[in-house]
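To start, the structure itself, in structure tokens.
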């Protein structure tokens, strides 16, 4: 009897306790659902503690990776680069080169002793007569034979690119914009000495890029290259840094022909591939600081771009007058170093030594230099007050001037110093 009463009393207390726990649980759930601050308080602290317990430890112990906040997945540098690319992409174009190429087939040779027999009788003599055939042309067909890049410099369709991209006067050129539209392009002008050309397409309201100041480029700054890589992958982006300034390179086409020396170019480690030629090189602010022009075959990430300040005059000249008017002095020279100065017994170690070779005269006849009395062996030390050295070439200074400008040249002739006033002329094509 006593045991029964104890059991009944015990069950009653258990039911009361369970009821209280249930009420507390329901009230807690209600608070959690209806009061956000409750969730932001206890619940968030519990969740943070939970993540800390399961996340990878600093000492390399295992665990689940922490979730990435999409709002902070890109750092400030990444956001700047992607912003430049989004802004610049619409103004970058691909240039496709098309040409009539011969259709080559195997034709019967005149040396075939059975060529006069009807075809139905030739089968009795062994069938094929491949050994008596020869290649012959059966007309021509239009084919894409190459490609490059370019970018808009005016809203009415002027595009700047490399001269070597559009050097073939017998080829046709097509511009593909970033939205997939195609336009027949006309080559307006090719620079006589720089690897620069301007093409034109019909239309209006094209997006353009902002030209920067290549004189303010610093080693190590971010460089963004955009172009038609390999003539196939349009608007390919590569990012690197400016790894050298005022370089001199000798570039040639893929066949090893058409070698050309280019002065004062920018060296970059952003990947430059065939087809990137003519595309823009941009800084982190989205300004064009150069035009991609060459790469070192077999090297790892060594490319070169023509500084935008060397291109600017050509762009302005074409837009204003329809042609590229390039200033011209008329000398062939070697930029001096200490070793070159010793080799030629020159008394100064910086400047442009006027010197010819087997193919070219040191001073062109009837040129501005010849009219001013410049001789082979002279060293042009400065050009209009700017010193000439390995970082500042004579050619780069000339390209910044216009035909008709009068400039002052400081000359070292043996032990004598001279100052000559020379009127630059327009370079003959």
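For the ranges 238-246, 75-83, 324-332, what's the packing order if you count other beta-carbon atoms within 10 Å of each residue, average per peptide, and put the highest first?
Values: 238-246: 17.3, 75-83: 11.9, 324-332: 22.6.
Packing proxy ranking, top to bottom: 324-332, 238-246, 75-83.
Taking the highest mean first, how do the peptides 194-203, 387-396 order by number of other beta carbon atoms within 10 angstrom per residue?
Details: 194-203: 21.9, 387-396: 17.7.
Result, highest mean Cβ count within 10 Å first: 194-203, 387-396.
Counting other beta carbons within 10 Å of each residue's own, what order do 215, 263 fall into, fewest first? Don't jump to the answer; show the numbers that get you there.
Working: 215 10, 263 21.
Sorted ascending by nearby Cβ count, the order is 215, 263.
Under a point spin-label approximation (7 Å from Cα along Cα-to-Cβ), what is the residue 323-residue 204 distance to one decimal in nm?
That separation, rounded to one decimal, is 2.8 nm.
So, in nm, how far is label residue 387 from label residue 17 when the simple model puts each one 7 Å beyond its Cα toward the Cβ?
With each label point 7 Å from Cα toward Cβ, the separation is 9.4 nm.
Classify the range 327-426 as rounded, prolate or oblate from the Cα gyration tensor: take a ≥ b ≥ c as the square roots of its eigenvalues, call it rounded if a/c is under 1.5, otherwise prolate when a/b beats b/c and oblate if not.
On the way: a/c = 1.58, a/b = 1.36, b/c = 1.16.
Prolate.
Taking neighbour counts of Cβ atoms within 10 Å as a proxy for exposure, in what order, fewest first, do 423, 313 appear?
Values: 423 12, 313 20.
With the sparsest Cβ surroundings first, the list reads 423, 313.
So how do 220-226, 407-413 stack up, highest first, on mean other-Cβ count within 10 Å?
Values: 220-226: 20.0, 407-413: 18.3.
Per-residue mean Cβ counts within 10 Å order the peptides as 220-226, 407-413.
Each value in this text was obtained by applying a stated rule to the coordinates, not by laboratory testing. It should be emphasised that the depicted structure is a prediction, and the values quoted were computed from it without experimental measurement. Cβ: placed from backbone, ideal geometry, glycine included. Neighbour counts: every protein chain shown.
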